[in-house]
Amino acid sequence: MKQPTPIERLTPAQARKEHAKLGEEIAEHDRRYYADDAPTISDADYDALRRRYEGLEARFPELATPESLTQKVGAAPSEKFAKVRHKVPMLSLGNIFTEEEVGEFVARVRRFLGLKPDADLAITAEPKIDGLSCSLRYENGIFVQAATRGDGYEGEDVTANVRTIGEIPHRLAGTAPEVLEVRGEIYMTRADFMALNARQAAAGKPPFANPRNSAAGSLRQLDPTITAGRPLHFFAYAWGEVSALPAETQMGVVRAFESFGLPVNPLMVVCRSTEELIAHYRRIEAGRATLGYDIDGVVYKVDSLALQSRLGFVSRSPRWATAHKFPAEKAMTLLRGIEINVGRTGALTPIARLEPVTVGGVVVSNATLHNEDEIARKDVRVGDTVTVQRAGDVIPQILGIVPEKRPNDAIPYVFPTTCPVCGSAAIREIDEKTGTADVVRRCTGALVCPAQAVERLKHFASRNAFDIEGLGDKQIELFYREGLLQTAADIFTLPERDAASATKLKDREGYGELSVRNLFAAIEARREIPLNRFIYALGIRHVGETNARRLARHFGTFEALRETARAASVGSDARAEINNIEGFGDVVAEAIADFFAEPHNEQVLDALLTHVTVVPMEAVATTSPVAGKTVVFTGALERMTRDEAKAQAERLGAKVAGSVSKKTDLVVAGPGAGSKLAKATELGIETISEEDWLKLIGQE
Ligand code: IVH
């Protein structure tokens with residue numbers, strides 16, 4: 001793969017383009033991970049994408065808009081369960097990978113708080129459990145509700161399922177706070193996971209990839225009796241809404257949880273230095289294999305809750321905690337074959353078929369080979385012995401080959417230049433500006449290629465698009481094969497065609513009266529759909545969930561989008577309008593214009609719009625008293641460091657500027673304020689003290 005250009009060398013336009021593209025890619029992986037429980041890249045690769053994305057925002061802060069992925073976590077909840085709004089958001093953790101970064105984390109915390117070099121700082125260290133997070137609500141000591149994380153703000157109500165987990169108390173021991181939301185990880189032990197997979201196999205059902213996925217799959221069963229039959233466990237390590245905290249430190253609260261009868265992890269300790277943190281990390285890593293459950297790192301948290309609240313959050317994760325991840329696990333095995341998968345946009349993706357091998361306790365038989373160049377660069381050949389890496393719970397990847405083990409007759413792999421499904425030419429597009437070929441080879445048979453048609457339908461019906469329950473990948477493949485579905489509009493005529501047909505769906509193998517009734521009800525329920533979901537469902541290239549939301553917000557209605565997109569020929573005002581949407585650029589604008597310029601797409605849209613009503617997008621409201629205001633801090637602050645003040649203001653939606661100008665709305669001046677204060681007075685800008693600022697934002 002080509003080395004990315006160092007971020008410092010990017011122009012703002014290049015950065016904007018790359019940021020948009022990466023955003024789509026990350027959002028797609030988030031969806032696969034959080035909504036489908038079926039990730040397709042390694043944690044390490046995901047983290048690398050995310051780092052680059054965050055690096056771009058660090059260098060070009062204008063990219064960190066409210067739409068940015070750094071401002072949210074996870075994916076929207078599935079529609080199967082009732083929704084629960086988290087009163088306190090369930091956020092995520094930043095990651096570090098090296099021991100050096102542990103020192104940097106501690107230094108960052110100390111700097112932010114303005115701690116003297118000799119001041120004590122206690123930080124806890126505990127295993128990072130590889131399960132799924134869950135929030136348990138207790139009122140007067142009684143368990144009343146459980147919710148998954150979802151997108152961090154809204155999760156799924158899994159109360160009935162969680163009630164079946166033996167180790168979670170229905171009533172807390174001792175005197176617990178009136179309201180207590182306990183947060184922690186639901187997980188499955190490795191032994192239970194193996195036994196469950198053996199049962200799945202015996203019942204002819206597909207196996208789970210790893211304990212995390214099986215825990216997620218077991219918890220998110222609509223029928224709680226299925227959950228009850230699956231051995232799930234829980235560790236409490238955090239909290240949401242609490243009427244009165246039972247202690248003043250992280251460790252103290254976890255000890256209180258234990259006294260209430262909640263399971264807590266025995267490997268949590270309080271450390272007083274970077275060295276102690278690293279020593280504990282090494283201890284946990286050394287004992288990893290014998291724990292019986294999967295962990296993927298060690299979490300460090302500032303112990304004092306007062307300091308935690310001063311440190312606060314930066315975008316999606318707390319400044320007071322971080323996750324020190326373990327390196328990925330590796331193994332060697334035989335490459336039996338290379339298969340080519342054709343995606344929705346015609347991308348040809350090579351998949352390695354492997355002699356099954358256990359990597360980190362999980363049996364692996366497929367791995368991604370990414371693309372043509374990657375195969376050539378590593379000179380991967382069928383028959384080779386390869387090194388496979390698996391991090392966490394995702395499709396493993398091939399790191400390289402073992403040259404000594406290559407059979408004499410192994411021949412170099414030749415990537416196909418025609419689509420293996422429809423036979424159309426498969427080409428690598430040349431970027432007009434740079435003259436370089438795209439890394440992805442694509443089938444050119446857009447409208448004739450069955451693989452693309454099927455993938456488009458799958459995308460259309462998928463969870464974050466139309467979310468049609470009962471119309472999964474298998475059913476779509478079958479219906480397509482049998483000529484029942486060709487385009488998305490056909491989905492909505494399925495019930496009426498079935499009624500008129502002699503060969504009814506309910507009489508087919510694998511179907512019955514009830515499943516057909518449910519499927520048709522699910523289709524009916526989607527005749528009305530929010531604009532952003534509708535746009536996303538169309539599967540326009542480069543328009544993933546984030547860009548779909550941006551389009552929805554910009555245009556408000558589908559008609560407005562369609563009208564502009566139809567008029568968006570190169571050089572037109574309409575093209576410029578799309579191009580100028582925050583986060584967009586030439587590539588996205590061109591893809592949108594191309595989509596609406598294609599007569600077939602227009603026909604499908606017309607047909608579709610006779611069956612579905614697209615609900616326009618509403619405007620969003622802002623609440624805090626300083627939202628949208630530009631604030632300047634000057635002079636000495638006594639209650640917090642400058643960084644802390646800035647972070648707090650930004651959290652409330654204010655912009656913090658370094659100098660006073662006509663655009664400044666408010667100046668917060670402390671003792672020793674000089675020229676900035678003078679300028680503010682001269683310009684007649686409102687000036688307040690640190691005390692007044694704290695009052696204004698409700699901190700006093
Ligand atoms: S603390 C505000 N502690 O890791 C952050 N999280 O990558 C609260 N996780 O969403 C999380 N073990 O699902 C925390 N000991 C632990 C954890 C842990 C696993 C998960 C959790 C979180 C994710 C972040």
Exercise for the section: Please find, within the range 498-520, the residue that is most open to solvent (accessible area, probe 1.4 Å) out of those that are under 37 Å from the mean Cα position of the chain (by Cα) and of a type in the set (S, T, N, Q). Expected result: N518
Fill in the blank from the handout: Going through the range 370-383 in order, the residues found to be closer than 15 Å to T333 by Cα and either open to solvent by 30 Å² or more (accessible area, probe 1.4 Å) or touching a Phe, Trp or Tyr at 6+ places or on another chain (Cβ under 9 Å) (or both) are V380, R381, V382
Practice task
Could you pull out the residue among A560, A537, A568 that is in contact with a Lys or Arg (Cβ under 8 Å, 6 or more places away or on another chain) and under 28 Å from L22 (Cα atoms)?
Solution key: A568
Exercise for the section: Go through the range 278-320 residue by residue and tally those that are touching a helix residue (DSSP H, G or I) at 6+ places or on another chain (Cβ under 8 Å), under 30 Å from A195 (Cβ atoms) and β-branched (V, I, T). Expected result: 2
Problem - Residues of the range 321-339 classified as open to solvent by 40 Å² or more (accessible area, probe 1.4 Å) and farther than 23 Å from R288 by Cα, total - result: 3
Handout entry: Matching residues, the range 54-83, being open to solvent by less than 30 Å² (accessible area, probe 1.4 Å), modelled with pLDDT of 70 or more and more than 16 Å from the ligand (Cβ to nearest atom)
Key = G55, L56, E57, F60, L63, T65, S68, F81
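Every residue, every condition in (1) within 16 Å of the ligand (Cβ to nearest atom); (2) hydrophobic (A, V, I, L, M, F, W, C); (3) open to solvent by 10 Å² or more (accessible area, probe 1.4 Å); (4) in contact (Cβ under 8 Å) with a residue 60 or more places away in the chain, yes or no:
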residue: H86; (1), (2), (3), (4): yes, no, yes, yes
residue: L91; (1), (2), (3), (4): yes, yes, yes, yes
residue: G103; (1), (2), (3), (4): no, no, yes, yes
residue: F112; (1), (2), (3), (4): no, yes, yes, yes
residue: E156; (1), (2), (3), (4): yes, no, no, yes
Exercise for the section: Mind counting the residues in the range 123-142 that are in a strand (DSSP E or B) and either within 10 Å of the ligand (Cβ to nearest atom) or touching a helix residue (DSSP H, G or I) at 6+ places or on another chain (Cβ under 8 Å) (or both)? Expected result: 11
Practice task
Please go through the range 221-256 and pick out each residue that is within 15 Å of the ligand (Cβ to nearest atom), of a type outside the set (A, V, I, L, M, F, W, C) and open to solvent by less than 40 Å² (accessible area, probe 1.4 Å).
Solution key: G240, Q250
Exercise for the section: Determine, yes or no, whether D151 is open to solvent by 10 Å² or more (accessible area, probe 1.4 Å), away from the ligand (no atom under 16 Å from the Cβ) and either in a loop (DSSP other than H, G, I, E, B) or over 25 Å from E248 (Cα atoms) (or both). Expected result: no
Practice task
Only residues that are under 15 Å from L121 (Cα atoms), modelled with pLDDT of 95 or more and small (G, A, S): list them for the range 297-344, please.
Solution key: S304, A306, A321
Problem - Residue list for the range 345-362, filter: of a type outside the set (A, V, I, L, M), surrounded by 18 or more Cβ atoms within 10 Å (Cβ to Cβ) and modelled with pLDDT under 95 - result: T345, G346, G360
Completion exercise
Selection from the range 175-219 of residues in contact with a His (Cβ under 9 Å, 6 or more places away or on another chain) and small (G, A, S) yields A215
Fill in the blank from the handout: The one condition V386 fails out of (1) in a loop (DSSP other than H, G, I, E, B); (2) of a type in the set (A, V, I, L, M); (3) buried (at least 16 other Cβ atoms within 10 Å of the Cβ) is (1)
Problem - Filter result (among the hydroxyl-bearing types (S, T, Y) and within 16 Å of the ligand (Cβ to nearest atom)) within the range 158-193 - result: Y187, T189
Practice task
Could you list all residues from the range 106-122 that are touching a helix residue (DSSP H, G or I) at 6+ places or on another chain (Cβ under 6 Å) and among the β-branched types (V, I, T)?
Solution key: V106
Problem - Some residue of the range 161-176 being of a type in the set (S, T, Y) and assigned to a helix (DSSP H, G or I) - result: no
Handout entry: Given (1) of a type in the set (A, V, I, L, M, F, W, C); (2) under 19 Å from L132 (Cβ atoms); (3) open to solvent by 40 Å² or more (accessible area, probe 1.4 Å), number of the condition A279 does not satisfy
Key = (2)
Fill in the blank from the handout: Scanning the range 257-273 residue by residue, those out of contact with any Phe, Trp or Tyr (no Cβ under 7 Å at 6 or more places or on another chain), open to solvent by less than 20 Å² (accessible area, probe 1.4 Å) and over 22 Å from V158 (Cα atoms) turn out to be M268, C271
Practice task
For the range 292-340, enumerate the residues that are more than 13 Å from the ligand (Cβ to nearest atom), closer than 29 Å to L354 by Cβ and in contact (Cβ under 8 Å) with a residue 60 or more places away in the chain.
Solution key: G292, P327, A328, E329, K330, M332, L335, I338, I340
Practice task
Being within 16 Å of the ligand (Cβ to nearest atom) and either without any contact (Cβ under 8 Å) to a residue 12 or more places away in the chain or more than 30 Å from S309 (Cα to Cα) (or both) narrows it down to one of N197, N213, so name that one.
Solution key: N213
Fill in the blank from the handout: Over the range 89-122, the set of residues part of a loop (DSSP other than H, G, I, E, B), more than 22 Å from L219 (Cα to Cα) and not small (G, A, S) is L93, F97, T98, L115, K116, P117, D118, D120, L121
Problem - Out of V614, V632, sole residue that is buried (at least 20 other Cβ atoms within 10 Å of the Cβ), modelled with pLDDT of 90 or more and within 27 Å of I26 (Cβ to Cβ) - result: V614
Exercise for the section: For Q603, work out the one condition from (1) in a helix (DSSP H, G or I); (2) under 24 Å from the mean Cα position of the chain (by Cα); (3) surrounded by fewer than 20 Cβ atoms within 10 Å (Cβ to Cβ) it doesn't fulfil. Expected result: (2)
Practice task
State the number of residues belonging to the range 542-563 that are surrounded by fewer than 17 Cβ atoms within 10 Å (Cβ to Cβ) and in contact (Cβ under 8 Å) with a residue 40 or more places away in the chain.
Solution key: 3
Practice task
Test P211 against the criterion of being closer than 25 Å to K474 by Cα and either among the charged types (D, E, K, R) or in contact with a Lys or Arg (Cβ under 9 Å, 6 or more places away or on another chain) (or both), and give yes or no.
Solution key: yes
Exercise for the section: Determine which single condition R381 fails, assuming it passes every other condition in (1) basic (K, R); (2) at pLDDT below 95; (3) out of contact with any strand residue (DSSP E or B) (no Cβ under 7 Å at 6 or more places or on another chain). Expected result: (2)
Practice task
Could you tell me whether any residue of the range 429-449 is in contact with a Phe, Trp or Tyr (Cβ under 7 Å, 6 or more places away or on another chain), open to solvent by less than 60 Å² (accessible area, probe 1.4 Å) and not in a strand (DSSP E or B)?
Solution key: yes
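The values are calculated or read from the model by the stated rules, or taken from the named source; none is laboratory data. The model shown is predicted, which means the values in this text are computed figures rather than measured ones. Heads up, the Cβs are rebuilt from the backbone with ideal geometry, glycines too, and the neighbour counts pull from every protein chain shown. All accessible areas refer to the heavy atoms of the entire protein, side chains included, with ligands and DNA or RNA removed. Shrake-Rupley method; radii C 1.70, N 1.55, O 1.52, S 1.80 Å.
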